[in-house]
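A short write-up of the structure that comes next.
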Amino acid sequence: MLTLTSTYIKKKDMHPAFAQELANDIFAFETLLRTTVYDLPHDLRRKSQHPHPNARESLHRQYKQAGLTDYFVTSLERTAKGIVDAAKEALALDIKTKEQQAVRIAEKINRKKVQLNRVASAKASLAARNRARKNGGIVPPFENPFGKFVTKKVTKEGLSFTVGSVHGKRPPDKYENEYLFEHLYLNARARKLKKDIHFMEHRLHNLKRRLERLKREQAEGILHICFGGKKLLRQRQAVKNDTQLHDWQRMWDRRRHRDMMLVGRRDSIGGNFIARYDTNSHTLRYRSIQGRQIDIPNVRFPYGQGWVDAAVNAHDIAMRNKKLPPDQQIEGWKPGPVTWAIKDCGDAIQVKCMISLPADPHINSCYSNGCVAFDMNYDHFAVSETGSKGELLEHYVVPFQMEGRTSDQITNAISESLEKIFRHAASVNKPVAMEDIEHPDKCLLYGNKRANRKISEFAHSKVTYLAERKGQKYHLNVKKVNPAYTSQIGKLKYMRLLGLSVHESAAYVIGRRAMGLKDKVPKDMFHLVPEKVVRLHHWAHWAALYTALKKIPVSKFYRKINYHEYETPAALKKALLK
């Protein structure tokens, strides 16, 4: 389904009676829509409890008896069903996200507890040494549970300790004796770990309670739908006087009464029983709730006007072709529904047309000659072009900005960036490949809160939608491939070899995968793969290497590495982290 938006039509260009009638229809439609959204789940529940058709009167018939036509009632039901289905999908996605967050927090709690046990073990070892000194016995050696992170040195006073930093960016901390090490480092570390565990457990408890509530609401069919928007509804609490209350009420009423949907039918003339679009005069005419014909002039679509005309004329062409011999058939689209949406924008109105595009016979879907692939990131697209044998031909980065921008501005920035990519693909006559991401779980790989927050806000579904629309515009196929281990393969196999960034190398792997090529572990690295996964799929080999080497900075892999010198991934990791 493709949605096309028209230019703004000034209300002063319409007949005053038509403009007033249109405003009344939009107000009545939105009011009835809220009632339909409330009644629809109850009607479905009632039908499940009383399956006999004569048990109670249907919701559709009740609305028709109120004076509405059959087509308006159908539009109300279809629009309400779409709103309810969207709320159900949002609830399911919220549950899935909360479950993933709960698993991650539980893993962090376990890691913190392991660190706390190490601190307790070190304190117990120091306490045993102190008791041995007081009793005059043999002082046992200090059991170091921290590995090379903490180093000890024998001095005249006992032991001195040196504590390194996690990433090696700060100078190490030195403690001259056991007392200072225990009270200045171990005790402080234990307090911080206990505090972190307490906060994480509290957060996990609240998350589980909210998850239980969401699952209960999902089982009972409880949905939270706010017509007008939750953001504007919360602004009601900031109102301080009657003037602000009046302004807020006017904005609230305008936000809740501004859209009207006229659902199309496949078997109708022009694809819609209520509305008719004149492709010559560009006038949209629809039958109001009161039964009068309302004309909206100068409805033009800056993008996709030809598609709208073809969809509207499809039924007329099909009827003519029934009376013509096979050799005189008129080319045209297959008849389908054409849905119209009218939006009140204050001094103007805007019309949206929703149609289904037929399959493009001229689309380029041949990946044997190479493709143009891009990798999605929170501030840029990394692009790589491949040749017929999977070789790299070109690579570059298309940046864009999301920070400090509205949703529409972000959409426009993404669209402009994709436009550059698809223009390049059209110039070389190659299809496009991208990663297929259902949910942005890959944000966990960035390692800093700011990047994680931005990638979580990144609209992957919006990028996919815009990429598909660009593919239709330039007659290029867009293939979505599984992005599993693309960054890992690019980092270990192609990044240094071809002089790419980690994201450009990931885009290169995506392009090769779209062509049907396999990227197996190189021979000089294959001995690092654990024996238990050697006979499995080559993705399992990359998974094992990723697990062993994921904490190594990307910059370490830009230098030349002789993998034959290391027998295990642990030895390689140790050498790279020096």
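The values are calculated or read from the model by the stated rules, or taken from the named source; none is laboratory data. All values derive from a computational prediction rather than experimental measurement. Note that each Cβ is placed from the backbone with ideal geometry, even for glycine, and that neighbours are counted across all protein chains shown.
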**OP:** Report, by residue number, each residue of region 391-426 that is of a type outside the set (A, V, I, L, M), in contact with a Phe, Trp or Tyr (Cβ under 6 Å, 6 or more places away or on another chain) and over 17 Å from Y303 (Cβ atoms).
**Re:** S417
**OP:** Go through L184, L233 for me and flag whichever is in the same structural domain as S160 (by TED's automatic domain parsing) and hydrophobic (A, V, I, L, M, F, W, C).
**Re:** L184
**OP:** Determine if region 270-278 includes at least one residue that is in a helix (DSSP H, G or I), farther than 18 Å from E77 by Cα and either within 30 Å of the chain's Cα centre (by Cα) or in the same structural domain as I109 (by TED's automatic domain parsing) (or both).
**Re:** no
**OP:** Output the residue which, of all residues in region 395-406 that are out of contact with any His (no Cβ under 7 Å at 6 or more places or on another chain) and touching a residue at least 12 places away in the same chain (Cβ under 8 Å), is nearest to I510 (Cα to Cα).
**Re:** H395
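This table checks each residue for (1) modelled with pLDDT of 90 or more; (2) surrounded by 12 or more Cβ atoms within 10 Å (Cβ to Cβ).
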{"residue": "R209", "(1), (2)": "yes, no"}
{"residue": "G228", "(1), (2)": "no, yes"}
{"residue": "H246", "(1), (2)": "yes, no"}
{"residue": "R254", "(1), (2)": "no, yes"}
{"residue": "I274", "(1), (2)": "yes, yes"}
Original post:
Name the pairs whose Cβ atoms lie under 9 Å apart, with the first residue in region 546-575 and more than 18 Å from K148 (Cα to Cα), the second of a type in the set (D, E) and in a loop (DSSP other than H, G, I, E, B), and 6 or more positions between them or separate chains?
Top reply: N562/D524; Y563/D524; H564/D524
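Condition check ((1) buried (at least 16 other Cβ atoms within 10 Å of the Cβ); (2) more than 17 Å from M434 (Cα to Cα); (3) modelled with pLDDT of 90 or more) across all residues:
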position: M495; (1), (2), (3): yes, yes, yes
position: S505; (1), (2), (3): yes, no, yes
position: R512; (1), (2), (3): yes, no, yes
position: L517; (1), (2), (3): no, no, yes
position: V521; (1), (2), (3): yes, yes, yes
position: R535; (1), (2), (3): no, yes, no
position: H541; (1), (2), (3): yes, yes, yes
position: P553; (1), (2), (3): no, yes, no
position: R559; (1), (2), (3): no, yes, no
Subject >> Cβ pairs under 6 Å, 6+ apart, first in region 474-487 and surrounded by 18 or more Cβ atoms within 10 Å (Cβ to Cβ), second among the basic types (K, R) >> reply: V481/R513
Original post:
Could you list, in sequence order, the residues of region 115-140 that are over 14 Å from E178 (Cα atoms), part of a loop (DSSP other than H, G, I, E, B) and touching a helix residue (DSSP H, G or I) at 6+ places or on another chain (Cβ under 9 Å)?
Top reply: G137, I138
**OP:** Give the residues of region 103-122 that are touching a residue at least 12 places away in the same chain (Cβ under 8 Å) and among the charged types (D, E, K, R), sorted by residue number.
**Re:** R104, K108, K112, K113, R118
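Is it the case, given these coordinates, that K148 is modelled with pLDDT of 90 or more and basic (K, R)?
Values: modelled with pLDDT of 90 or more: no; basic (K, R): yes.
When the stated conditions are applied, K148 does not pass them.
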**OP:** Search region 152-185 for residues being modelled with pLDDT of 90 or more and of a type in the set (V, I, T), and hand back the single one that is surrounded by the fewest Cβ atoms within 10 Å (Cβ to Cβ).
**Re:** T162
Original post:
Taking region 285-306 as the region of interest, how many residues are in a strand (DSSP E or B) and either farther than 19 Å from K10 by Cβ or under 39 Å from the mean Cα position of the chain (by Cα) (or both)?
Top reply: 5
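Let's see how each residue does on (1) closer than 30 Å to L32 by Cα; (2) surrounded by 15 or more Cβ atoms within 10 Å (Cβ to Cβ):
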{"residue": "D70", "(1), (2)": "yes, no"}
{"residue": "S75", "(1), (2)": "yes, yes"}
{"residue": "V119", "(1), (2)": "no, yes"}
{"residue": "L126", "(1), (2)": "no, yes"}
Original post:
Name the pairs: first residue in region 69-90 and among the aromatic types (F, W, Y), second residue surrounded by 15 or more Cβ atoms within 10 Å (Cβ to Cβ), Cβ to Cβ under 6 Å, at least 6 apart or on different chains?
Top reply: Y71/F273; Y71/I274
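Does R255 satisfy the condition of being in contact with a Leu (Cβ under 8 Å, 6 or more places away or on another chain), of a type in the set (D, E, K, R), more than 30 Å from G332 (Cα to Cα) and without any contact (Cβ under 8 Å) to a residue 60 or more places away in the chain? Don't jump to the end; show me each part of the working.
Details: in contact with a Leu (Cβ under 8 Å, 6 or more places away or on another chain): yes; of a type in the set (D, E, K, R): yes; more than 30 Å from G332 (Cα to Cα): yes; without any contact (Cβ under 8 Å) to a residue 60 or more places away in the chain: yes.
Answer is yes for this residue.
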Original post:
Within region 226-268, which residues are among the hydrophobic types (A, V, I, L, M, F, W, C) and part of a strand (DSSP E or B)?
Top reply: M260, M261, L262
